[in-house]
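Enquirer: The structure that follows is given in the form of C-alpha cells.
The values are calculated or read from the model by the stated rules, or taken from the named source; none is laboratory data. What you see is a predicted model; the values in this text were computed from it and never measured. Because the Cβ atoms are built from the backbone with ideal geometry, glycine has one as well, and the counts that use them run over all protein chains shown.
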C-alpha cells in the first residue's frame, strides 16, 4: 500500500477560490476559476487550480488540459508539471508521468514531492531500486518527510528486504504516529517475517487509528490463523466483511477456518459468497466437498 500522490496548491493565492477548494466544493471552485480565466486568460494559477479541482473530481483528462494551459503560459511552472504528472499517474500513463516529474525536478531540484511522485510511479512499473533512489533524494532534502519513508519501506518490502523496510516504517511512525497505512505495512513486513504477534500489534494500531480499514482486519485475521487462534480470526474476517462485503478473499479465508472448526454449513455459506463475487475452480471444488460432507 503506497502512500498516494497529492496535488499541490502553490504560488499565487486565489483566496476565495482556494477556500472553496479546501472545503471540497470543487464544482463551485471551478466556476470561480473559470471567471478568473475569462478576465485574464493568461492567469496560470487559475488554470493550475482548475486542473487540481478537476483532478479531485477524477476528471483527469480535463485536468491535464488545464495544466497544459498553465505550462504554455509559463514552461517553468514546476507545480503544474508536477500536478500533470499526478493526473497521468492516475490514468496509469506512468512513463509520461515520469517525464513530467523530471520536468518539475529540472526546474526545482529540491522539489521533494516530485521526487516522491517519481518514486511512486517507478514502483508502479516494478522498478523498485530506482524508486528507492528517488525516495532517498526526497529524504536528503527533507528527512522528516514521512511519506517518503513510508514509500521507501514499501519498495524495500517488494524487494523482500523486510528488516530494512521495518526501519523505514519506524522512521515514518516516529514522525507521524497516527499514520495508519504505515502501521499496516509494518504489520505486513512482520507477517512476511512470520512474526505474527508483532504483526497483530501493528494491525491493532492501524485499526485504532482507522477502524474502517478492512485490510487491517483481514490481515489480523490471517495472523491469528497462523497462531491457531481460529475463533478470533473468524471475528476479524467478520469485521472486514462488514466494512467491505465484496471481498471474495475474506469470505474464502473465513470459510476455510469455519471448515477447520467443523462448522460446515457456515463454511459452505461463505464459500458461496466468495463464488458469487469471483468464481474459480478451487472454490467450486471445495464447495462440492462441503456439500458431500
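Enquirer: Which residue out of 49, 67 is at pLDDT 95 or above and either farther than 30 Å from residue 149 by Cβ or not assigned by TED's automatic domain parsing to the domain that holds residue 142 (or both)?
Expert: Of the residues listed, the single one that is at pLDDT 95 or above and either farther than 30 Å from residue 149 by Cβ or not assigned by TED's automatic domain parsing to the domain that holds residue 142 (or both) is 67.
Enquirer: Another question about this same structure. Run residue 149 past the list (1) on the phi < 0 side of the Ramachandran plot; (2) surrounded by fewer than 16 Cβ atoms within 10 Å (Cβ to Cβ) and report the number of the one that doesn't hold.
Expert: For residue 149, the failing item is (2).
Enquirer: Inspect the range 20-39 for any residue being surrounded by 15 or more Cβ atoms within 10 Å (Cβ to Cβ), modelled with pLDDT under 65 and either closer than 18 Å to residue 83 by Cα or in contact with a strand residue (DSSP E or B) (Cβ under 7 Å, 6 or more places away or on another chain) (or both) and give the result as yes or no.
Expert: Yes: one or more hits.
Enquirer: Which count do you get for residues in the range 63-106 that are part of a helix (DSSP H, G or I) and at positive phi?
Expert: The number of residues fulfilling the criteria is 0.
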